[in-house]
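Since the structure comes first, as structure tokens, the remarks are kept for the end.
Taken together, the values in this text are just the output of simple stated rules run on the coordinates, not laboratory data. Predicted model, so just to flag it, every value in this text is computed and none were measured. Methodologically, a virtual Cβ is constructed for each residue, glycine included, from the backbone with ideal geometry; neighbour enumeration extends over all protein chains shown.
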Amino acid sequence: MSPEPDLPESGRRGLDPDDLSHPPGTLDTRGAHNATHPTPGATSPRKRRTVLAPLVSGALESRHTRPSDRRNSLPERIALAALLALPLGIALVGPFLPVPERDRTQPFDPAAPWPGTDYLGTSVLNGVLDGGWGIVVTAAAATASAFLVGLPIGLIAAATRRRWIDELLMRPFDLLLALPSLLLMLLLASIAPPTAWMLVLIVALVNLPDIARIVRAAALETAHGPAVEAMWLQGESWWRTSIGHIARSILPTVAADAGVRLVGAFYLVAAASFLGVGAGPEASDWAVMVDVNRGGIFLSPWGVVLPAALLVALAVGLNLLFDRLLARKAAA
Amino acid sequence: MLAYAAKRIGLGAVQVLAVAVLAFALVELLPGDAAVALAGDQPDPDNIERIREQMHLDEPALARLGDWLAGIATGDFGASLVSGRPVAGLLVTALEPTLILAGLTLILLLPLSIGLGVAAARRRGRWPDRLITTFTVGLYSVPEFALAVLLVSVFAIGLAWLPPTAVGVPSLLSEPAVLVLPLLVLLARPICSIARLVRAGMIEALDSEYVAHVRRAGVSERRVVLAHALPNAVTPATAQIARTADWLLGGVIVVESVFVIPGLGTALVDAVNARDLPVVQGIAVAFGATTVLVNLAADLVAFRLAPRLEVAR
């Protein structure tokens, strides 16, 4: 859930001067790298497998010939697209698909047509088609509202010249971060009324500290850089400095972070639904399906396996997608 | 070092205190009359009066806060509203399975994730690296329960190799087969993040001039990797290992629920669903204090490894 693992890696990639001029991702580019930086001791840069260049002993220039870590081959892209399109498609289009009405039969009926029936005796297919919408929308809404609040807080904390405002805004988050996020969510859910909106609010609140900290960290450098000092000396208005300059400068960082946050929110929403908090008892999303149909897993496994597989596919697909985007953004 | 440690321990103490106050505030945040809200499905006057009596709800909030904090200091967390047993006793009985799960996960986590990270870094760009990288990126935030039920349906139901739940097992350690699937699920997320960090640090270290120099001096490749590159590669991962404690506690809640293990996580979920606030508060304080302690230890270790880095913020 934390973006920290991504930042140093992408940050270094972003600073690599070679990567600035050559888009990574193709073998030809790496050949060009070696042509401009011939490695001493190497007989012919073209024959050598350039990927191994840093492992060749004595390769002093290896730092500048570092190949890009990820290549986007066509099969990989197709696999990723399929991984994402299937669960997302079902989640977004599923509720509007006409499903042949079937009478309720007995729960976990092994004789029912694929994929069997759930704990109430309705077809698993209905639940699968209707169950993705809620999770996806809740996660997206929670991420959006967390940014809506976290962005100004982080920005103000970074841009202010009074230290106590910074402390006042950021210190409470240190305390919130001391609690495991799932625990915090369970605590809030134990006293809040179980509605869909409450779940959005709770997930947003859990994500808020991380967002505010990242925005603050990203804005801090610009906010105390020479350009802002100059604007301040010229008597530019606070709005123009902080919104017009600082906020614009952190947009790439925020955009990259939004992907990480969305996956994190998705994880929290799914976990909350599964544990039976947040969503009301009448809700039936994929996570709830996994929970309520667990009892019949021996009789009719599809009622559990299908929604679980869709959730895993969606999480893996989103992770891989945002990782690709992050790598490309850092390299571009 | 001493000044830093004192500052950091002070912050940790404030955090634990804040967690305790936050847990206390849960009662205050209840809408309306707390006793009525807690009675929930059984709003008969006797029950409400009993809850009011037991939680001293007719006393002023500040006095109750003082009692609550003093109680924590002496190990008295109050009594469960449902069973009437003391919360401290519940915590102690539920602690063992959770400790076994978390401890084994941590023991397995370090060698596995460092091994994966180093293996990927040494074969950078080739298929083992791409396989490991894709897996660690992809599985990074997969919901644990979904992973768990998929593993259960494949290995416990489809193949019938492992038991699906821990129902009827007297002690987790007496039947190690029960532990395999829960540990796999618990390990998935932390391994992903730490292996990625180790890989990135290892690549940086292998590209460095000192490694090139050691190689030129004729040191064996094994020694180069293990004795020279690895220590530097692991340092950035230290902070992440502390965060793992956070995930581990969160993961334990879900994993215990899926595999029906009677630990702290199950107790917490049951208490939340039953609105048994004294138990919720007690477990929250226990979890919060553990997280704070682990973070504290990790920060001190990281400071000792690289004193110039101000890790606190």
Exercise for the section: Taking chain B as the reference, fit the longest principal axis to its C-alpha atoms, fit the long axis of helix B:2-29 to the helix C-alpha atoms, and give the angle between the two in degrees, 0 to 90, nearest 10. Expected result: 40 degrees
Practice task
Output the relative contact order of the stretch A:107-331, whole-number percent, from Cα pairs under 8 angstrom with separation of 6+ residues.
Solution key: 30 percent
Fill in the blank from the handout: Within the under-11-Å Cβ sphere about A:G127, not counting A:G127, Lys/Arg +1 and Asp/Glu -1 give a net charge of -3
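Using a simple charge model, +1 on the beta-carbon of Lys and Arg, -1 on the beta-carbon of Asp and Glu, nothing else, what dipole does chain B show about its Cα centre, in debye to the nearest 20?
Roughly 2300 debye, rounded to the nearest 20.
Are there any chymotrypsin sites (Phe, Trp or Tyr not before Pro) in the stretch A:223-332 that are in a DSSP loop and have at most 15 other Cβ atoms within 10 Å? List them by number. List each step's numbers first, then the result.
Working: sites: A:W232, A:W238, A:W239, A:F266, A:Y267, A:F274, A:W286, A:F298, A:W302, A:F322; in loops: A:F298.
Answer by residue number: A:F298.
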Fill in the blank from the handout: Counting other chain Cβ atoms within 10 Å of each Cβ in B:268-279 and taking the mean gives 3
Completion exercise
Computed over the stretch A:204-296, the distribution of all Cα-Cα distances in 5 Å bins, rounded to whole %, is 2, 12, 17, 14, 11, 9, 8, 7, 6, 5, 4, 2, 1, 0, 0
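Can you tell me, using C-alpha contacts under 8 Å and at least 6 residues apart, the relative contact order of chain B as a whole percent? Walk me through the numbers before you get to the answer.
Working: 328 pairs, mean separation 80.2, N = 313.
Relative contact order, chain B: 26 percent.
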Fill in the blank from the handout: A correct fewest-to-most ranking of A:T143, A:T122 by other Cβ atoms within 10 Å would be A:T122, A:T143
Exercise for the section: Give the distance, in whole Å, between the Cα centre of the stretch B:186-204 and the Cα centre of the stretch B:249-267. Expected result: 25 Å
Practice task
Can you check what the Kirkwood hydrodynamic radius comes to for the stretch B:64-170, Cα pairs only, in Å to one decimal?
Solution key: 18.4 Å
Fill in the blank from the handout: Computed on Cα atoms, the radius of gyration and Dmax of the stretch A:107-331 in angstrom are 21.8, 79
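Using unit Cβ charges (K, R positive; D, E negative) and no other charged atoms, how large, in debye to the nearest 20, is the dipole of the stretch A:107-331 about its Cα centre?
Its charge dipole is roughly 760 debye.
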Practice task
Could you please report the charge total around A:V312, scoring K, R as +1 and D, E as -1 over all other residues with beta-carbon less than 15 angstrom from its beta-carbon?
Solution key: -1
Practice task
Evaluate chain B: find the radius of gyration of its Cα atoms, find its Kirkwood radius, and give the ratio Rg to Rh.
Solution key: 1.06
Exercise for the section: Determine the calculated [θ] at 222 nm for chain B from helices alone, applying -39500 (n - 2.57) to every DSSP H run no shorter than 4 residues and normalising by the residue count; nearest 500 deg cm²/dmol. Expected result: -24000 deg cm²/dmol
Exercise for the section: Quick one: order A:S123, B:S174, B:S80 by neighbouring beta-carbon count within 10 Å, fewest to most. Expected result: B:S174, B:S80, A:S123
Exercise for the section: Please average, across the residues of B:247-257, the number of beta carbons from any other chain that are within 10 Å of each residue's own beta carbon, and give a whole number. Expected result: 4
Practice task
Mind sorting A:T241, B:T93 by how few other Cβ atoms lie within 10 Å of their own Cβ, fewest first?
Solution key: B:T93, A:T241
Practice task
Count, for each residue of A:165-174, the Cβ atoms from other chains sitting within 10 Å of its Cβ, then give me the mean as a whole number.
Solution key: 1
Handout entry: Charge dipole of the stretch A:107-331 about the Cα centre (unit charges at C-beta), most positive-ward option of A:A327, A:L188, A:A272
Key = A:A327
Exercise for the section: Beyond 25 Å, what share of the Cα-Cα pairs of the stretch B:153-270 is found? Please give it as a whole percent. Expected result: 46 percent
